[in-house]
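Below you'll find the structure, written out as structure tokens, and then a few comments.
The values are calculated or read from the model by the stated rules, or taken from the named source; none is laboratory data. Fair warning: this is a prediction, and the values are worked out from it, not measured in the lab. Cβ placement follows ideal geometry from the backbone for every residue including glycine, while neighbour counts extend to all protein chains displayed. Only protein heavy atoms, including side chains, enter the accessible area calculation; ligands, DNA and RNA are left aside. Shrake-Rupley method; radii C 1.70, N 1.55, O 1.52, S 1.80 Å.
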Amino acid sequence: MSDMGSPTMVRQSPRKDQAIVAFDFDGTLTVRDSFTQFLRWRAGAGGWYRGLARMTPDLVAYLADRDRGRLKAASVREFLKGTPRGQLEADAEAYAGQVWPGFMRYDALACWKDWGAKGAYRVIVTASPETTVAPFARRLGAEALLGTPLTFDPDHRVTGAFAGPNCRGEEKVRRLRAAFGEDVKLAAAYGDTSGDTEMLAIADEAGFRRFKEQS
């Protein structure tokens with residue numbers, strides 16, 4: 001198993017007979033995109049708008065190519081490059097604690113808890129950086145987290161790049177297979193955008209922008 005395919009946070013490996021359930025994060029478990037909101041919160045109003053102004057060429061390019069991964073990488077370079085890993089982790093923890101009450105979807109949390117009560121192995125599969133989602137995953141009691149990994153230099157500072165492809169679309173399935181085996185089958189999967197389509201396709205139960213009550 002490659003490092004790229006290994007979950008950043010793993011409480012335990014799934015048992016052979018344990019149902020694996022995958023949840024997208026942004027817009028599925030949360031009411032809005034977490035990474036954009038985190039960057040805005042961390043930069044402050046003035047820093048946020050100054051950063052967006054410097055990113056004008058990247059924003060214009062996105063209108064043409066719709067490359068979410070490229071735009072996200074540009075935002076990492078602008079707002080996080082040079083940040084020490086420890087500081088970023090502390091900021092992410094503080095952010096999660098501050099926004100949690102109004103940030104998580106109640107219907108999603110009910111579904112999440114229901115699967116947990118049934119003993120399912122719950123994994124978050126997200127395009128957001130693993131480092132910024134990790135505090136939310138720990139609060140949820142997630143068994144594993146798969147996301148877009150940031151890279152750090154030898155001094156443990158953010159380089160401004162990602163260690164792999166943006167974790168959306170087919171990349172979500174690739175990461176799941178790298179982590180849990182080529183024959184991984186999901187008991188259920190939940191998502192809210194076209195970036196979750198491939199993940200939903202390998203699940204017995206697919207929830208797109210809705211959560212069905214588990215029987």
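Key figures
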item	result
Members of the range 191-213 found to be surrounded by 15 or more Cβ atoms within 10 Å (Cβ to Cβ) and assigned to a loop (DSSP other than H, G, I, E, B), listed by number	D192, T193, I202, F211
Residue within the range 27-37 that is open to solvent by less than 50 Å² (accessible area, probe 1.4 Å) and farther than 18 Å from K172 by Cβ present	no
Residue under evaluation A64, criteria (1) touching a residue at least 24 places away in the same chain (Cβ under 8 Å); (2) assigned to a helix (DSSP H, G or I); (3) among the small types (G, A, S), criterion not met	(1)
Within the range 71-169, strands (runs of 3 or more DSSP E) holding 1 or more residues that are of a type in the set (G, A, S) and surrounded by 15 or more Cβ atoms within 10 Å (Cβ to Cβ)	121-129, 144-148, 158-162
Every pair of residues 6+ apart whose Cβ atoms lie under 6 Å, when the first sits in the range 172-191 and is over 21 Å from D26 (Cβ atoms) while the second is part of a helix (DSSP H, G or I)	V184/L176; V184/R177
Top-ranked residue of the range 4-18 - restricted to ones that are open to solvent by 40 Å² or more (accessible area, probe 1.4 Å) and among the hydrophobic types (A, V, I, L, M, F, W, C), ranked as modelled with the lowest pLDDT	M4
D58 being in contact (Cβ under 8 Å) with a residue 40 or more places away in the chain and either of a type in the set (D, E, K, R) or in a strand (DSSP E or B) (or both)	no
Per-region count, the range 78-120, residues over 30 Å from P14 (Cα atoms) and at pLDDT below 95	1
Any hit, the range 182-190, residues being in contact with a Phe, Trp or Tyr (Cβ under 6 Å, 6 or more places away or on another chain) and crowded, with 22+ Cβ neighbours inside 10 Å	yes
Members of the range 132-176 found to be within 13 Å of the chain's Cα centre (by Cα), among the β-branched types (V, I, T) and modelled with pLDDT of 95 or more, listed by number	T132, V133
